Every structure is written in structure tokens, then in C-alpha cells.
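A short reminder: the numbers here are calculations on the coordinates, not readings from a lab. Since the structure is predicted, the reported quantities are computational estimates derived from the model, not experimental observations. With ideal geometry, Cβ positions are generated from the backbone for all residues, glycine too; neighbour counts draw on all protein chains shown.
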Amino acid sequence: MNILVTGHRGYIGVHLVDLLKQAGHTVTGVDVNLFEGCEWEPFVKPDTELAKDVRDLTEKDLDGIDAVCHLAAISNDPMGDMDPQITYSINRDASVRLAKLAKSAGVGRFLFSGSCSVYGKGDDPEKALAEIDTLNPLTAYAKSKIETEEQTAELADDGFCVSWLRNATAYGHSPMLRIDLVVNNLLGSALSYGEIRIKSDGSPWRPLIHCADIAGAFVAFSEAPADNINGEAINIGGNTENYQVKDVGDQVERLIPSAKVVYTGEHGEDSRDYRVKFDKLNYLLPDFKLKYNLESGMEELHKKMVDHGFSAKDFEGDQFVRLRTLKGRFDRIGVEAGA
């Protein structure tokens, strides 16, 4: 197939391009390259690259495309809170516009990168939440994701397959490394300071998934029978991969015994606390399997960090923290938005 990937130079996008090409697909990448200079290692390039803001894509850009994997977004809660209107402009409005363009252009499939953060804070953290459970988005980022689902739902029909992949919290190695993610952050803290700095009390639950496994899910959804996934919001992750933050800290301590867990408490009670159920994914795509669990994914990332000589300079710099990079380039987004 000819597959268009937005955000192909991102943390997940570089894995997705690689996996799609390995599977024999032709890939067009779309990325404004906002995080230029943040790459950690070389990565596989798509067959064609469009250096465009997703808000500027045209129907002509979609000529000959069979499926769109839409990853481009303001990519987490803190970044989204910097300017909620820009978050809605990029994450929601541009996504809805792109889905409509894709349908008009005759693209057969639109796959949206959503988030389990739409569940927010569950009433009972011991209960794993399924797709039919109440949504409780707490941030502009999470609200933009669920509003995109709602506003693109009417587009799904027999000729246009629309699916929303509600990804668990990403972690793990990528050529476009990020450390503003809980697992990666705790590993980076341990290597930098000899302390595993947990900013809450460690009790909140998170569903976790390796970034390469999210990419693998997009490949599986690209190739799956449309009848299996059309009009479906599906949690992406594994039932055994729900962890409390303190469990992640304990795993870091096993990898780096000289580092000790320190509860800083600076963030107080974490407002996000939820476990997620992945039975629907297992039922609809029974052949899709995660390649990583938390232990193997952390072992790989730890080795990579050691090999790269990861240190406090890296932890405190801008390269691996998207919010810091974005603050230095924020005007660029406003200009591209026409603001």
C-alpha cells in the first residue's frame, strides 16, 4: 500500500516508517520538523517527505494514498497546557480536516493516534477500564483526542475506514528519544543523579507500551480487514502492562542498584490514575502481539543510555524534552497556524 504518516520524524513515527517499509509498503512522511536537532540516532527515511504543517495539507497531497496514519500532534499534557487553543487547532481541528480531506481524496483508511489519557482518573483505580467505560479527559491534550474521535465518527462508512487507536503511555528506545515520559524519565534520573526521582507518591496506575509496539499496532491496523476495525476506538496495549509508578521505580532500581528511589512529592497527588483493559484489541486483532514488556523494554533503553553515555547534561538539556524544545520554537507554530 501507499501509506502517508504524519509526524514521521517523531518518537513513534520513526519506528512506524521503519516497520511499514519492512512490511513492503511505500511511505510518504509529513512533518514540519519542529524538533529538528533532537535526533539521538540515525533513522529510516520514508520514500517521500513533505515538509509541511498538517494544517496545510491539500487533497492533492493525498493523491494515490491508500491509508493515513495520523500521528502529528502537540504530544503530551504539559505541552498542551502551554496554549490550549494551539493544541485544539493542531490535535483536533487539523485532524478532523485531514480525515475529511482523506475521504474526499478517495483514501480508504484513516488511523488516528489517540490516547488512553482520555480515561483521566478512574473512580476505582483497581478496575481496568474498557472502551465503553466513562471518559474523563482532564487536560486539553486528552480533550482534543476524544473530541477528534467524536467529530470524525460520522465519516466512517463502507468506503472509508476510520479507527481511533487509544495508545497506552509510551516509553522505550527510539532514534528520536524522549525523556519526558515516566519510564524514560526515571531511568534518566537514575543515570544522571543516582536517584530515581518520583514526583508523586508513586501510587498512580498507568498502562504502559513500548513506542515500537505502538508503531507495530499501526502497521497491524493498516493491514487488518476493514470490517474488523471500522468505526472502532480501541485501547492499544497489554492487560499485563498496567503498572503503578512505584513499580517502574522498583524496576529502575533493579537495573541500577546504586540508584535509590526518592519520592519528591513536588507534584502532590497525581490527577491521572487509571488502569486499562485491552480485551477488545486482542479480540479484533488476535494476531497482533506486543514485542516488549516493561522489563525487556527498560533493559533495552538502559543499555542504549549507557552506550550513549547519558548524563545529567542530557537530562537537563533541551534535546530529549519536547516541552523545552517547543518553548524555544513556539512562535513558529503560531506563524504556521496563521496567528
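Things to note:
- ARG254, ARG275, ARG322 arranged by Cβ crowding within 10 Å, fewest neighbours leading: ARG254, ARG275, ARG322
- Positive dipole terminus of the chain, leading residue within ALA130, HIS210, ALA233 (C-beta point charges): HIS210
- The alpha carbon convex hull volume per residue for the chain rounds to 122 Å³.
- Neighbours of GLY29, meaning other residues whose beta-carbon lies under 9 angstrom from its beta-carbon, give a summed charge of -1 when Lys and Arg score +1 and Asp and Glu score -1.
- Residues whose amide H falls under 5 Å from that of SER115, counting only those 5 or more places apart or on a different chain, are ASN167, with hydrogens built in the peptide plane.
- Highest to lowest packing among 302-310, 177-185, 193-201, scored as the average C-beta count within 10 Å: 177-185, 193-201, 302-310
- Helices meeting the span-like rule in the chain (full DSSP H runs, Cα extent of at least 20 Å along the helix axis, mean Kyte-Doolittle score of -1.0 or higher): 294-308.
- Counting charges near VAL44 (Lys, Arg +1; Asp, Glu -1) among other residues having Cβ under 15 Å from its Cβ returns a value of -3.
- Summing +1 for each Lys or Arg and -1 for each Asp or Glu among the other residues whose beta-carbon sits under 14 angstrom from that of GLY238 gives +3.
- Most simply put, the chain has about 10% antiparallel DSSP beta bridges, counting only bridges with both residues inside it.
- Close amide H contacts of PHE110 (hydrogens built in the peptide plane, cut-off under 5 Å, sequence separation of 5 or more or a different chain): VAL68, CYS161, VAL162, SER163.
- P(r) tail fraction, segment 1-58 - alpha-carbon pairs more than 17 Å apart, %: 32
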